[in-house]
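> Can you keep this structure in mind? I'll have questions shortly.
What follows is calculated from the coordinates using simple rules that are stated; it is not laboratory data. Quantities reported herein were computed from a predicted structural model and do not represent experimental measurements. Positions of Cβ are generated from backbone atoms using ideal geometry, with glycine treated the same way; all protein chains shown enter the neighbour counts.
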Amino acid sequence: MIDYGNTKGLNLLQVLAEQGLFIFTSGAAKTAAEKIGISDNYLSQLLSHLEKFGWIIRLRRGLYAGTGTLPGGVQVHPFAVATRLVEPSAISHWSAMSHHGFTDQIPHIVTAFTPQNVVTPTMREPQEKKAGKHAWDVWGTRYEYVTVIPDHFFGIEEVWVDERFRIPIADKERTILETFVSPRLFGGIGEALATVEGHIHELDLEKLVRYSVRYGKASAIKRLGWALERLGAPSEFVDPLEKIPIKGFRLLDPTRPRRGPYDKRWMIQNNFLGEKRVK
C-alpha cells in the first residue's frame, strides 16, 4: 500500500508541477488525478499520505503546497504562500520594506495586507489561549495580515521572487506611504523619516503624493508633506499636500507623548525627538 501510495503520489505531484501548480487546491488535484487514473475516492487518502510523509503541507482547508523535500522538488517561496493563504492579498509592511531594500532588518514574520476579513486558525481557539496578533504558522514561518478597506488596496505590482513564483507586492511608494499611515506598526515615525531620507532619490515622488491623496488620511498626508519639505523636495510635490484641509493638530509620532512645538503650516505637533535626523 505504501509503495502504491508513493508511486501514485509522485505521479500526481509531477502532473501538478508540469502545470506550474506548486501550490494547489483540492480541485486542481482532482483534475490532475483524473488524468492519471486516480479515483475521487482515493484522492483524499492519497493527499493525506503525501502530507504524512512530508511531501506536501496543508496550508488551510482545500489548499496545499509542496515542501521541496522530493528530489527535484520545489521549495515554495514564503511570499507565494502568504498571498495564497488569503486572496486577494499583497506582501506589505516590513516584508515589503525588506524586499525593496528599505531596511537592513530581516523580518521573521511575513506580512501582507488584504481587503478580506481574515479568519486564522488562532481565531478559532478558546479565548483563554488567544494571545498577540492572529496569524498562520506554516512550516516554521509566521504569516500576519493587515486588513484594509477595498479603496485602500492599491499600489500593488507583480514581482518575480524567483523563477517560478510571481507575487503581488506593495510597490515602493505604497510601502513608504504605509509607514506614514500606520507609524505604530513600524515602531514610530522614525522608520518613515529615515527611510524617506535614505531613499528619496529612488522614489517616484509624484506617485507617492498621488497615493497619499488617494488614501485620504489627513494625518498621513501632513506627516508626509512635513517630511518632504524638510528633505528639500520640490514645491510641486509639497504644495498639494499642504493644501489638503485638516481640522486640529496631529501628532507627528502617535507612539510618543503629546509634547513639542506646533507647526501651523502642517498642523503637526512635532513630538519626535529624532527630528534632527531630517535635514
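> Quick one: order ILE176, ILE200, ILE169 by neighbouring beta-carbon count within 10 Å, fewest to most.
The fewest-first ordering by Cβ neighbours comes to ILE200, ILE169, ILE176.
> For region 32-41, in order, what is each residue's ³J(HN,Hα) by Karplus, 6.51 cos²θ - 1.76 cosθ + 1.60 with θ = phi - 60°, in whole Hz (x at glycine and Pro)?
Calculated HN-Hα couplings, in order: 5, 5, 4, 5, 10, x, 8, 6, 4, 5 Hz.
> Where the centre of each part is set by its Cα atoms, how far does region 39-55 sit from region 89-125, in angstrom?
Using only Cα atoms to place each centre, the spacing works out to 30 Å.
> Take LEU273 and GLU206, extend 7 Å from each Cα along the Cα→Cβ direction, and tell me the distance between the two endpoints in nm.
4.2 nm
> Listing ASP40, ASP104, ASP171, ASP162 from the residue with the fewest other Cβ atoms within 10 Å to the one with the most, what is the order?
ASP104, ASP40, ASP162, ASP171
> How much net charge surrounds ILE36 when only the other residues with a Cβ under 12 Å from the Cβ of ILE36 are counted, with Lys and Arg +1 and Asp and Glu -1?
Once positives and negatives cancel, what remains is +1.
> Next question. Over the chain, with a Gaussian network built from C-alpha contacts below 10 Å, which listed residue (LYS222, LYS30, LYS172) shows the highest mean-square fluctuation?
In the Gaussian network model the winner is LYS30.
> What shape does region 65-111 take by its C-alpha gyration tensor, where a ≥ b ≥ c are the square roots of the eigenvalues and a/c under 1.5 counts as rounded, a/b above b/c as prolate, and the rest as oblate? Don't skip to the answer; put the middle values down first.
On the way: a/c = 3.20, a/b = 1.60, b/c = 2.01.
Cα axes put region 65-111 in the oblate bin.
> Enumerate the calculated ³J(HN,Hα) couplings along region 172-187 in order (Karplus 6.51 cos²θ - 1.76 cosθ + 1.60, θ = phi - 60°), each rounded to whole Hz, writing x wherever the residue is Gly or Pro.
Going residue by residue, I get 4, 5, 5, 5, 4, 4, 4, 5, 8, 6, 10, x, 4, 6, 10, x Hz, with x marking Gly and Pro.
> Still on this structure, I have one more. Considering the values (i) -0.56; (ii) -0.48; (iii) -0.63, which represents log10 I(q)/I(0) by the Debye sum over Cα atoms at q = 0.10 Å⁻¹ as calculated for the structure under consideration?
Working out log10 I(q)/I(0) by the Debye sum over Cα atoms at q = 0.10 Å⁻¹ from the coordinates points to (iii).
> Among SER95, SER182, SER212, whose mean-square fluctuation peaks in a Gaussian network model of the chain (Cα, cutoff 10 Å)?
SER182
> Have a look at GLY248, ALA218, THR7 and report the one farthest towards the positive end of the charge dipole of the chain, computed about the Cα centre with Cβ charges (Lys/Arg +1, Asp/Glu -1).
Of the listed residues, the answer is GLY248.
> Let me ask you something else. What full-extension length gain, to one decimal in nm, is calculated for LYS247 and GLU163 as 0.36 nm per residue of separation minus the Cα-Cα distance? Walk me through the intermediate numbers first.
Working: separation 84, 0.36 × 84 = 30.24 nm, distance 4.94 nm.
That works out to 25.3 nm of additional length.
> Now for a separate question. With each pseudo-label sitting 7 Å past Cα toward Cβ, what's the SER44-ASN117 distance in nm, one decimal?
2.8 nm
> Could you list which residues have their amide H under 5 Å from that of VAL146, counting only those 5 or more apart in sequence or on another chain, with H placed in the peptide plane?
For VAL146, the qualifying residues are ALA112, PHE113, THR114.
> Same structure again: Mind telling me which of SER219, SER98, SER44 comes out most flexible in a GNM of the chain, alpha-carbon contacts under 10 Å?
SER44
> Quick check: net charge around ARG166, other residues with Cβ under 11 Å of its Cβ, Lys/Arg +1 and Asp/Glu -1?
Working: positive: ARG164; negative: GLU157, GLU158, ASP162, GLU163.
Within the 11 Å Cβ shell, the charges total -3.
> If you take every DSSP beta bridge fully contained in the chain, what fraction is antiparallel? Give it as a percent rounded to 5. Numbers along the way, then the final one.
Working: 20 of 29 bridges.
Among the beta bridges of the chain, antiparallel pairing accounts for roughly 70 percent.
> May I pose another question? Mind checking which aspartates and glutamates have their Cα closer than 16 Å to the Cα of LYS52? Skip sequence neighbours fewer than 8 apart in that chain.
Within reach: ASP3.
> Let me ask something else about it. With each label point set 7 Å from Cα along the Cα-Cβ vector, what nm distance links LEU231 and ASP263?
It is 1.3 nm.
> Same structure again: What is the sum of charges around LEU205, taking Lys and Arg as +1, Asp and Glu as -1, for the other residues whose C-beta is under 10 Å from the C-beta of LEU205?
-2
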